[in-house]
1. Expressed in nm to one decimal, what extension gain is obtained for the pair Leu921 and Leu967 from 0.36 nm per residue of sequence separation less their Cα-Cα distance?
2. Using the alpha-carbon centroid of each, what span in Å lies between region 742-797 and region 547-600?
3. For region 118-152 and region 909-931, what is the centre-to-centre distance using only Cα atoms, to the nearest Å?
4. Highest first, please rank the peptides 966-973, 473-480, 1056-1063 by the mean number of other Cβ atoms sitting within 10 Å of their residues.
5. Any of Lys575/Lys773; Lys406/Lys444; Lys464/Lys491; Lys68/Lys240; Lys211/Lys618; Lys68/Lys300 with alpha carbons more than 30 Å apart? Name them for me.
6. Rg and Dmax of region 45-124 over Cα atoms: what are they, in angstrom?
7. Among 1129-1142, 1096-1109, how do they line up from the highest to the lowest mean number of other beta-carbon atoms within 10 Å?
8. Can you figure out the FRET efficiency of Asn593 with Asp449, using R₀ = 45 Å and their beta-carbon distance, to the nearest 0.05?
Amino acid sequence: MIFTILFAFVTNKLLKKKNIFVDNEIRVHVDNPHNLRDSKNAHNGKRVSLVSLSPNGKYVVTYSEDDKSIEGWIVRDSKLNLDPETNVYELPRSDYIHEIILNDSKTVCFGYNYNYLHRVEIFQMSNEHQQIKLNPPPKMSSPSINFRKNGDLILSHGSEISIYHSKHDKMSNELSLVSSYKLSNYTNEVFIDDDNIWIISQNYLFHWDLKTFQLKFSYSLGFTTGYYDVSLIVFTVITKGNLIAVKYINHHNEINEIAIFIKNVHSPIRNIQSKNSDMKIELCQVQNNVYLLAFNIPKKDENQDIILYSITDINKQQPIDASKIFNDEDSENKFILYEYNSESKEAFGLVDGKFSYINLSDLNLHGFFESHKEDDDLVGWNDYLGQTFKYYYNDTLAFPDMENIKSLSFESCNDMEKIRSLFSEEYENINFNNQKYKWRMELKNDKLDKLSVYSDKEEFLCSKDLGIEFTTFNWKILNNNALALRLDYNKFIVIYEYDIHNKRIKTQYFIFKGEGQIDFSGPILPMIDTKDIAILKEFYYKQYFTQLSEGIISIIEDERCLARYGSTLLSNLVKFTDPELTHIEDIYNKCINLVKEDPKRNLKFLNIIISSMNDLYKKYPDYITKFNSEMFMILDPFNEGIKNYYYSHFHTFSHEAEIRKVYQSIKYIKFIFIFTLYLPILILFLPFTIIYIIVLLIINLRKFPKILLKIPKILLDTPIITLTKILNYKMQSKQQIVLIVPYIDYSRYPLEYSFWKEIFYPQSSVFTDTCIKEFYSNWNGEAIINFKWKTFGRIYYFVIWLIFMVFLVCFTIASYPTNSITQEIRIKLYQTSIAFGFYHLLFELRQFIWNPKKYFLSIWNLFGKSILQLIWFKFIKLKLTFFKNPDIGAYLSATIASIYWIKYDDIPDWALSISCLLLDLKFLLFFRIFEYFGIYFAIIFGVAKRVFSFLVVLAIIIASFAHAFFLLLHPQELLDPLSAQNPNDPNNPWTLSNTYNQVDENGNILNETLIQVPSENTNLFYSYPTSLLAIYLFLTGNQNSLSPWAPKPTTENTILFVLMAVFSFLIVIYLMNLFIGLLNIAIDEDNDRASYLVQKAEVIAEIELFYLFPHQRRWRTWFPEVIYYCVDVKKAQKYIKEAIKNGEWKKDDWSDKILKLLSIEDAIKD
């Protein structure tokens, strides 16, 4: 019955599912002869509905919904004409086109609705309108259509991407599917333009490379998109230069928002709230200035709004009415803009309902914006766009004028006389680009003494004292009117900018390069490194160190610049460690405050701190404690309430988007697996199934074969929660809150890598570099460990354990002393042990090559080394000289033992016993990953590390006493004391041996004496190593090694018993009891969950670096930027109360919000 219900659910789901079809049938189109067509009467005079431009802007197609036709247009010599080589493409009256795309080869692809089905059709614009088929037809519903420059067709929808390619160089009548890709969960929409894939999730925008399918960057949208019907969401991404514009429309929540990003800056520089959901956007670049052109497609009897907004200079008044660009004031017929090509400055639209074209090649948007920005009729546009201005932005660093800055290096003046001649009357004026202000540089005593700003009316505005000495000199006015100076043979670059709002001159950028040339080839300005800061302070402190400090402050003040340059800047400052540069705390406080002010928008500023966390811990460990206190618990800013979830406590997850290639063979294997899995259930409920199939055949006979073929896919895609509902399994929901781990980008690896270099020298992450207790003292660190363990750690760990078990079992059976195992079987077992031994040693070798110092200092790798050196001391005759510096004992001892046995057909029993001991102990260490055992392993090895120095002192004292006893009690004949009797030597074994007298039958003692033959144990002080053994036995309470010496009134015996008394008191009584006390203290310090988590983190870090492939370490679903976790409300309340009690909770408005949410505000007061 259960299977019948399940089968019904799957069938109904299939029946309701809409499919998309590619029209591969021959459709009849009415083609009008080209000689009868009239440009003024295109589409039979009906209104144009859609316009599509080719990427090169030379060809245009238009579609009229009223006429159901598609026309082709040629743009040539600033004229727009109907294509004489093509005919009208007419569609059936029932078709409704919702999207049309065109490529440079005049191939048209459009999506339309036909009888409530979503279809895609492709054809070549010509007289015949050749139809192009897709092989195989796509199965996605309502896909987005895109063409690449090479002619590839890309269809995308939801979580699927399909790429079709022509088999020939030119477009043929068929496109074949070359690759398919599947997107992970948490994906709302996909947008593709040429070589870029833009994926929008609930809170983020992900930028992927379409060629390599590698992630480039991720951006915080600053708003929540939510999960709704796809038909209610419109998502568009456009790029120009270093800017990205995202238009997001959600009809469900009536959200119309435009977010503007700078490339590689995670937060938007602007979020524009639009009142019109039909606004189209276009980025226009003029030199170093970028503008946003926004316009709507008006419906009948509606007016068109055309808005121009300056992006690069957002300090200006925003925005202006740009309709004057396309319409004269005296024009009766208004131009309605449909498309604007920012590259060729060509506009396409309607004039009096007819398709028209305007060539704007002479247009200067920058000049237009400057001349119209103060019009009175623009009052209220800021409210329209939802703009707010907080402070002055540093455009010098946000949008660097790289061309002018680089040109500073080409020309310079190094003759002081020539430099003086450039200055008239000891100063030189440099006009701003807008001619409203001017810089004035004053020269005094061959120094650049002062920098001032004057208005165009010679009104003094502000000045800045410099006092800079120089040998060479050059300057350049930048596009944003900033003044760039180059001094001393290109060693110094300083950029000053006039802050109009605050009437002051600011040092916006400073760099010094001690050796070599400054590299300005990248998209952003380079930062000064640690080495050059040190040189600057030593040789140029008075002149330039203040300029450097002001430049750093300028970066910190502007959050856009901080997001772009903060990570590099903080890293250099931490490494420099100069008390006069106190900007580390400024950067830290700025990032924390930005996150607290607006976590939705600024959460990723925490990455600036996290990227330098390892260096901060080494040099400024207080920052780690401070960070953990301030970021102790962060609510998900997009989900701040208490909700009922079916997750377990401490369930971890991420919202990362991942693109995986779909292989058809794997898909078929999954289908077979699902069929095999459900086959027993099908047989068990066969009677019910037959009845249900008969009823289903009667209801819908045609669709039944398709339903059967798609059952595996539906079962595979059906969530566990849905299946539990079908089976009437009740899952208990709990009140939970969603938290965010503040360690942003904590576990991610650099995107650029070399495969073979990564094999032996893998790049590390912050996670692998900071496996320390301070990071795992709260829930945030534990969430990272749980996520990694659940995602990939447990699978790899158990596989490694299984491989080791094969190694252990084979060697143990082969070394077992029994006659039931034949010689041939024993050889094969040893050969298998050798193979698995070298497998494990290969990974040990990689760890050693990666970091030899860390490898030898690791307590796990040191395990068994001292024993191993003793074991193979006698095997030098094998000439295995490369084992003089042995690796891990367990793997190496068993491998060498196997090789030795195969070669000599025998091996000493002691070697086998030690090898098996080490393997068994290694097997035991695998249990350290489980908390039940791992806590005790953490205590054992943690305590050993803490008391190691005490043990060294204790060992030296014991060795000293052993040395003293050896010199006092050694026999005179050291070479062979057992065979040489010397009655005059009180330490001779024969003298110390027991003597026995004979008695007669009457009990009388006879003169004959019997001496017990001494052994090596009679006097253990015959050598220094045995003296160490004797003292160790005495330490453990065994006094037999000193019992042969009886108290006698001799100097030697007196010293002997004094040494025994001192040793007993100092070592046995005092130091051993002190050692026990130290053990108790060390146990208390390591007896916590954090020590166990550090141990588990080290295991996962080893798996990441040496068992994962380089490309796996770049998988976003395994190594996400942000990790979330759900916790039960009751457990969270208890946890916070304990943190408050222990002083780990910092009270502020940020933390009070969590207390109020959990209804425990009184916990702080108590």
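1. Values: separation 46, 0.36 × 46 = 16.56 nm, distance 3.85 nm.
This chain segment gains 12.7 nm when fully extended.
2. About 25 Å separates the Cα centre of region 742-797 from the one of region 547-600.
3. The two parts, judged by their Cα centres, are 63 Å apart.
4. Numbers: 966-973: 17.6, 473-480: 20.1, 1056-1063: 14.8.
Packing proxy ranking, top to bottom: 473-480, 966-973, 1056-1063.
5. Details: Lys575/Lys773 22 Å; Lys406/Lys444 28 Å; Lys464/Lys491 22 Å; Lys68/Lys240 34 Å; Lys211/Lys618 41 Å; Lys68/Lys300 18 Å.
Flagged as over cut-off: Lys68/Lys240; Lys211/Lys618.
6. So, for region 45-124, Rg and Dmax equal 12.6, 43 Å respectively.
7. Details: 1129-1142: 15.4, 1096-1109: 19.8.
Top to bottom by mean Cβ count within 10 Å: 1096-1109, 1129-1142.
8. Numbers: r = 38 Å, r/R0 = 0.84.
So, using R0 = 45 Å, E works out to roughly 0.75.
Readers should treat all values here as calculations from the given coordinates under stated rules, not as data from a laboratory. For clarity, every value in this text was computed on a predicted model and none was experimentally measured. A quick note on method: Cβ atoms are made from the backbone with ideal geometry, for glycine too, and the neighbour counts reach across all protein chains shown.
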